[in-house]
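Notes for the one structure printed next.
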Amino acid sequence: MNYYQADMHIHTVLSPCGDLSMSPINIVDCAERIGLKVIGITDHNSTLHGPVTRKLAEKRGIMVVFGAEVTTKEEVHCLCLFPEENQRVQFQNFLENNLSEIKNDPDLFGHQVVVDENEEILDEIEPLLISALKVSIDEVEQKVHQIGGLFIPAHIDRPKYSLTSQLGFIPKDLKYDALEISRSTSIEKALNDYSYIKKLRFIKSSDAHNIDQIGTANTQLKMESVCWNEVRMAILGIEGREVIVS
């Protein structure tokens, strides 16, 4: 087994709260510089920057996992992760069909731009991506698993937009694959705070919105090689694979 540094929660310039420096090429440059081997591109309610980031990262030996940080009807943030383009497209359609009709105000929230590998703007998304979807957390989970993805409630230790802040607890019947803790807490504290949960599998991510935040969560994947099946097994903690966080 080998150990690979990972950051599964990174925003690009497409997220209205993402810094203008967070273009796909800058993210890949940073990931290579600090030694990340697996990154998740998880913009708010959108997967659109996954393909261009993957194209750039493959040239550097870095694996890009397609994803989104979804805001459910309950205003809970959840990471939804996928390996293949057809799954990404299916989930993107699901997101677009369930986005609210609130329009983005760039002066208030920031621009939501899709860019190419040369940082040229291709499109600007009109609906406000940080709005809650029209569907519940259970409906999001079911869709993710239906198309073969991983479902991970995000930053459960935070006082806003988390399972614990919005629902007050972690539902026993919620079919999550792991739980994410933020870079501001430790695995020891998480194990103590959520000791009542039987299925205690954690990842720790940066939730980076600017370049300096990428890789600031210390997370390693113990795997045979860098591929989706190995990443999946590590997150699920099976066949000797595991996620190591501190």
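Points to keep in mind about this one:
- Counting DSSP beta bridges with both ends in the stretch 2-245, the antiparallel % (nearest 5): 60
- Structure-based [θ]222 nm, the chain - -39500 (n - 2.57) summed over DSSP H runs of at least 4, per residue, nearest 500: -7500 deg cm²/dmol
- Karplus-derived 3J(HN,Hα) values for the stretch 91-101, using 6.51 cos²θ - 1.76 cosθ + 1.60 with θ = phi - 60°, are 6, 4, 4, 4, 5, 5, 6, 10, 5, 5, 8 Hz; glycine and proline are entered as x.
- Note on the stretch 108-154: Rg/Rh from C-alpha atoms, Kirkwood Rh, equals 1.10.
- With the Kirkwood sum run over all distinct C-alpha pairs, the stretch 2-245 has a hydrodynamic radius of 17.7 Å.
- For the stretch 20-36, 3J(HN,Hα) per residue [Karplus equation, 6.51 cos²θ - 1.76 cosθ + 1.60, θ = phi - 60°, Hz, x = Gly/Pro]: 4, 6, 8, 7, x, 5, 5, 5, 5, 4, 5, 4, 5, 5, 9, x, 6
- Residue pairs exceeding 20 angstrom between C-alpha atoms, taken from Lys37/Lys222; Lys37/Lys59; Lys37/Lys199; Lys37/Lys160: Lys37/Lys199; Lys37/Lys160.
- For the pair the stretch 98-145 / the stretch 66-86, the C-alpha centres are spaced 11 Å from each other.
- Cβ crowding within 10 Å, taken as a proxy for footprinting-reagent exposure, orders Arg241, Arg60 from fewest neighbours to most as Arg60, Arg241.
- The chymotrypsin sites (Phe, Trp or Tyr not before Pro) of the stretch 159-246 that DSSP puts in a loop, and whose beta carbon has at most 13 other beta carbons within 10 Å, are Phe169, Tyr196.
- nm² value of the averaged projected area, convex hull over the Cα atoms of the stretch 96-227: 10.9
- Efficiency of FRET from Cβ geometry, Lys59 and Glu120, R₀ 25 Å, rounded to 0.05: 0.85
- Least to most buried among Thr185, Thr72 (fewest other Cβ within 10 Å first): Thr185, Thr72
- Charged side chains reduced to their Cβ positions (Lys and Arg at +1, Asp and Glu at -1) give the chain a dipole of some 1000 debye around its Cα centre.
- Sequentially through the stretch 57-64, phi angles give Karplus couplings (6.51, -1.76, 1.60; θ = phi - 60°) of 6, 4, 5, 9, x, 10, 8, 9 Hz, Gly and Pro residues having no value and appearing as x.
- Arranged from fewest to most other beta-carbon atoms within 10 Å of their beta carbon, Ile34, Ile137, Ile197 become Ile34, Ile197, Ile137.
Every read-out reported here was derived from the displayed coordinates using simple, explicitly stated rules and does not represent laboratory data. Note that the coordinates shown come from a computational prediction; the quantities given were computed from them, not determined experimentally. Cβ sites come from the backbone with ideal geometry, for glycine too, and all protein chains shown count toward neighbours.
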